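*Asks:* I am attaching a structure below and will ask some questions about it afterwards.
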Amino acid sequence: MSVARVRMRTLAAGACLALAAVACGSGVPKPTATPRHPTGVDATPSATPDASNVYGAIGPNNMSAAVQGITPRVYVPNTNSNTVDVIDPSTYQVVDQFDTGKLPEHITPSWDMKHLYVDNDIGNTLTELDPATGKPVRTIVVDDPYNLYFTPDGSRAIVVAERQRRIDFYDPHTWTKVGSYTILHSGPNHLDFTADGKYLLISCEFSGYVVKVDVQNMKGVVALYVGGKPTDVRLSPDGKVFYVANEHRNGVSVVDPVAMKEVKFIPTAPGTHGFVVSRDGKSLYVTNRLAGSVSVLDFATQEITATWDTGGSPDMGGVSADGRELWLSGRYNAVVYVIDTFTGRVTHRIPVGSGPHGICVFPQPGRYSLGHTGNYR
């Protein structure tokens with residue numbers, strides 16, 4: 001059996017287990033029709049982040065000089081089709097499609113936002129795109145790029161080699177490997193960095209662990225068992241805790257990275273999977289892939305303030321540069337959802353290829369990209 005089939009079978013099995021848990025009455029409430037209220041952007045954060053807000057530079061007026069003149073596009077990796085669809089967000093139409101390596105999982109902006117990379121997991125390659133043209137320009141050979149990140153100082157690229165249980169550190173200019181760290185737990189998946197960039201916290205999807213890694217020394221520090229199926233990871237604006245989506249526990253773990261303990265658990269809905277930070281840096285959009293909804297989590301109160309019904313299987317994505325639209329892949333429905341962040345309503349469902357996953361909305365504001373589908377600071 002091919003590795004691709006093994007991975008897809010694993011994903012399918014995980015989805016079935018989660019559905020079974022819901023069917024058997026896991027005690028987690030179904031998403032309710034929470035009254036909608038405005039959660040869009042009304043104010044622009046400062047262009048200079050301070051200790052209280054690591055997202056202070058992602059306001060709509062803080063576009064980097066590197067992206068000036070770039071035509072906005074939404075890039076959709078179709079894992080089952082081995083293609084990328086390109087959407088014009090002004091018309092909500094697919095305007096281009098091209099082939100990639102095998103099993104494209106995410107599309108990642110480079111640290112300096114001058115390049116985009118399609119992470120071809122089973123193909124063992126990155127397809128580099130020129131954002132000015134939206135076209136592929138070269139293929140870079142790396143091992144098992146399920147996910148791709150960049151250290152906050154831009155000195156290293158980090159390839160999450162999921163099936164190898166490893167994270168590999170590369171020179172992002174030459175793509176020469178400079179180090180590796182083997183993770184003892186299965187399914188290393190998503191990560192984020194501490195505010196000072198000294199450590200990262202990575203989820204291990206198939207084993208229920210999150211692991212703290214010393215970035216400079218490329219060594220693990222300590223692991224924490226949170227159970228379930230941890231997926232996406234995001235730092236809080238004040239840099240004090242990490243939020244970890246947990247697809248099987250149907251909620252979000254709040255993890256203290258110093259004590260390495262779960263200090264709170266926030267129930268959301270079945271299949272809690274992906275994160276997107278709002279343009280004002282005050283809210284975290286949480287996708288519930290099995291429930292077909294998005295939970296809006298207030299960073300200040302650590303409470304869910306709204307639940308938006310999307311239907312289907314919302315997964316990964318990003319917000320528009322002005323913060324008014326949230327774009328998400330429909331992983332099992334071959335569509336992309338566009339959600340009005342002021343009303344919480346789905347305004348468009350755009351047909352794309354089979355298995356859309358980590359879509360990239362580009363360009364976006366910020367000083368630099370930490371990777372994934374666009375985690376900016």
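*Asks:* What part of the accessible area of the chain, given as a whole %, is carbon or sulfur when the probe is 1.4 angstrom?
*Replies:* Answer for the chain is 52 percent, counting heavy atoms of protein chains only.
*Asks:* What translational D, rounded to a whole number of µm²/s, comes out for the chain from Stokes-Einstein when the hydrodynamic radius is the Kirkwood one over Cα pairs, at 20 °C and 1.002 mPa s? Intermediate values should be presented prior to the final figure.
*Replies:* On the way: Rh = 20.1 Å.
So the translational diffusion coefficient is about 107 µm²/s.
*Asks:* Next question. Cα centroid distance between region 214-230 and region 156-185, in Å?
*Replies:* If we compute the Cα centre of each part, the gap is 15 Å.
*Asks:* For region 108-232, report the % of Cα-Cα distances exceeding 17 Å. Write down the numbers at each step before the final one.
*Replies:* Values: 4226 of 7750 pairs.
The answer is 55 percent, as a whole percent.
*Asks:* Roughly how big is the chain's charge dipole about its Cα centre, with Cβ charges of +1 (Lys, Arg) and -1 (Asp, Glu), in debye to the nearest 20? Present the calculation step by step, with values, prior to reporting the outcome.
*Replies:* Values: 33 positive and 35 negative charges, 138 e Å.
In total the dipole reaches around 660 debye.
*Asks:* Okay, next question. Within region 284-302, find all residues whose amide N lies under 17 Å from a label point positioned 7 Å from the Cα of residue 345 along Cα-to-beta-carbon.
*Replies:* 294
*Asks:* Okay, moving on. Ignoring solvent entirely, what values of log10 I(q)/I(0) come out of the Debye formula for region 217-268 at 0.18, 0.20, 0.27 Å⁻¹ when each Cα is a single scatterer?
*Replies:* Taking Cα atoms of region 217-268 as identical point scatterers yields -0.56, -0.68, -1.11.
*Asks:* Figure the gain on full extension for residue 65 and residue 184 (residue separation times 0.36 nm, minus the Cα-Cα span) and round it to one decimal in nm. Let's see the in-between values first.
*Replies:* Working: separation 119, 0.36 × 119 = 42.84 nm, distance 4.10 nm.
Full extension of this stretch gives 38.7 nm more.
*Asks:* How are the alpha carbon pair distances in region 255-315 distributed across 10 Å bins from zero to the largest one, expressed in percent?
*Replies:* 24, 47, 26, 3
*Asks:* Let me ask another. With +1 assigned to the C-beta of every Lys and Arg and -1 to the C-beta of every Asp and Glu, and no other charges, what is the dipole magnitude of region 262-323 about the Cα centre in debye, to the nearest 20?
*Replies:* On the way: 4 positive and 7 negative charges, 15 e Å.
For region 262-323, the charge dipole is close to 80 debye.
*Asks:* Also, quick follow-up: For region 240-377, report the % of Cα-Cα distances exceeding 22 Å. List each step's numbers first, then the result.
*Replies:* Numbers: 3194 of 9453 pairs.
So the portion of pairs separated by more than 22 Å is 34 percent.
*Asks:* Quick check for you: with a 1.4 Å probe and neighbouring chains kept, what is the accessible area per residue of region 230-319, in Å²? Walk me through the numbers on the way to the answer.
*Replies:* On the way: 2140 Å² over 90 residues.
Solvent-accessible surface per residue comes out at 24 Å².
*Asks:* Follow-up. Taking the Cα centre of region 179-283 as origin, sum charge times position over the Cβ atoms of Lys and Arg (+1) and Asp and Glu (-1), and report the length of that vector in debye to the nearest 20.
*Replies:* Computed about the Cα centre, the dipole is about 100 debye.
*Asks:* Here's something else I'd like to know. In terms of modelled amide H atoms, which long-range or inter-chain residues lie less than 5 Å from the amide H of residue 82?
*Replies:* The answer is 103.
The values are calculated or read from the model by the stated rules, or taken from the named source; none is laboratory data. These numbers were taken from a predicted model, which means no experiment stands behind them. Note that each Cβ is placed from the backbone with ideal geometry, even for glycine, and that neighbours are counted across all protein chains shown. Accessible surface areas use protein heavy atoms only, side chains included; no ligands, DNA or RNA. Shrake-Rupley method; radii C 1.70, N 1.55, O 1.52, S 1.80 Å.
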